[in-house]
Amino acid sequence: MHAPMQDLFDATGADVGGATQFAEGAWLLREFALDRAAALLAAVDAITARAPFRHMETRRGLRMSVAMSNCGELGWISDRRGYRYAPCDPRDGRPWPAMPPVFARLAAEAAQAAGFDHFVPDACLVNRYEPGTRLSLHQDRDERDFDAPIVSVSLGLPATFLFGGAARGDRVQRVPLRHGDVVAWGGASRLFHHGVLPLADGDHPLLGARRINLTFRRAG
Ligand code: MD3
Ligand code: FE
């Protein structure tokens, strides 16, 4: 569900050495992953060759418009039984592909740059957006450890990220996320509502009409 238009406002923030804080504990690292984008995308191809992108079902049986895969010890899944983390891909019962070193290193470096030391993610959700794909406002609360931050990496077409507050009715910031941008969320903002507006059409040099988002978490 989207917030009413009058509650939307464009993000502003305080800059501290290359990082912009746009909410309590939420740090935007512009183009932090840009020089590694090709290596990250090659790793995404290797992961999705073994664990293909798929549209999961919500508990209510609705097909999610985002296509998803995972790597790491745990992967996020959704079906008629609900949302949870699982060590194996339900498609074939095999463990999710291992977290590539280029993923783990980027996540730790980005967390560090935002002031979160020793971030060792055990899960990476790989989201694929095509024109029209959206993610409605939600909270991420299926992880065991809310003290660890979440790190996200945007690749391909730009998107408008929506960032609310602790309560669903709180006003919602609009944050434009472009190819190579990284965001780290910790502290209070870890449980804030967030989503993504429907992806606009476009043609990215590396990804064509797609956006890939990597979300690193400490889930188990
Ligand atoms: C803020 N993905 O996978 S990444 C998700 O662009 C998700 O694919 C979006 O929301 C995407 O759950 C946004 C940013 C993100 C991820 C998790 C968060 C922001 C977050 C958890 C808490 C606060
Ligand atoms: Fe989320």
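This ranking places M64, M99 by how few other beta-carbon atoms lie within 10 Å of each, fewest first, which gives M64, M99. Counting beta carbons within 10 Å around each of Y83, Y129 and listing the fewest first gives the order Y83, Y129. For the chain, adding -39500 (n - 2.57) for each run of n ≥ 4 DSSP H residues and dividing by the number of residues yields -4000 deg cm²/dmol at 222 nm.
Distance distribution P(r), the chain, all Cα-Cα pairs, bin width 10 angstrom from 0: 8, 35, 41, 14, 1 percent.
Would you work out if the range 94-213 is rounded, prolate or oblate? Take a ≥ b ≥ c from the square roots of the eigenvalues of the alpha-carbon gyration tensor; rounded if a/c is under 1.5, else prolate when a/b is larger than b/c, oblate otherwise. Verdict is oblate for the range 94-213. Where in the chain is the longest stretch that carries no trypsin sites (Lys or Arg not before Pro) classed as loop by DSSP and with at most 10 other Cβ atoms within 10 Å? The reported range is 142-220. For the chain, the antiparallel share of DSSP beta bridges with both residues in that region comes to about 95%. Ranked by how many other Cβ atoms sit within 10 Å of their own Cβ, fewest first, the residues T20, T215 fall in the order T20, T215. The range 58-108 and the range 112-143 have their alpha-carbon centroids 11 Å apart.
Taking every DSSP beta bridge that has both ends in the range 56-144, the antiparallel portion is near 95%. Converting phi to 3J(HN,Hα) with the Karplus coefficients 6.51, -1.76 and 1.60 and the offset θ = phi - 60°, the range 52-62 yields x, 4, 8, 8, 7, 9, 6, 4, 8, x, 8 Hz in sequence order, with x at every glycine or proline. Which shape class applies to the range 28-83: rounded if a/c is under 1.5, otherwise prolate when a/b exceeds b/c and oblate if not, where a ≥ b ≥ c are the square roots of the Cα gyration tensor eigenvalues? Prolate, since a/c reaches 1.5 and a/b exceeds b/c.
Near the amide H of F32, within less than 5 Å, lie the amide hydrogens of V182, all on another chain or at least 5 residues away, with H placed in the peptide plane.
Considering only A114, A98, A49, the Gaussian network model of the chain with Cα springs below 10 Å gives its largest mean-square fluctuation to A49.
Rounded, prolate or oblate: pick one for the range 139-197, where a ≥ b ≥ c are the square roots of the eigenvalues of its C-alpha gyration tensor, a/c under 1.5 means rounded, and failing that, prolate if a/b is larger than b/c, else oblate. In terms of gyration-tensor shape, oblate. Taking G195, G165, G115 in turn, the Gaussian network model of the chain (Cα-Cα springs below 10 Å) assigns the largest fluctuation to G115.
Using a cutoff of 8 angstrom between alpha carbon atoms and counting only pairs six or more residues apart, the relative contact order for the chain works out to 26 percent.
Eigenvalues of the alpha-carbon gyration tensor of the range 163-212, scaled by 5 and square-rooted, set the equivalent ellipsoid semi-axes at 26, 13, 7 angstrom, largest first.
Laboratory data are not the source of any read-out in this text; all were calculated from the coordinates shown. If you're wondering where the values come from, they're calculated on a predicted model, not measured in any experiment. Glycine also receives a Cβ, built like all others from the backbone with ideal geometry; neighbour counts cover every protein chain displayed.
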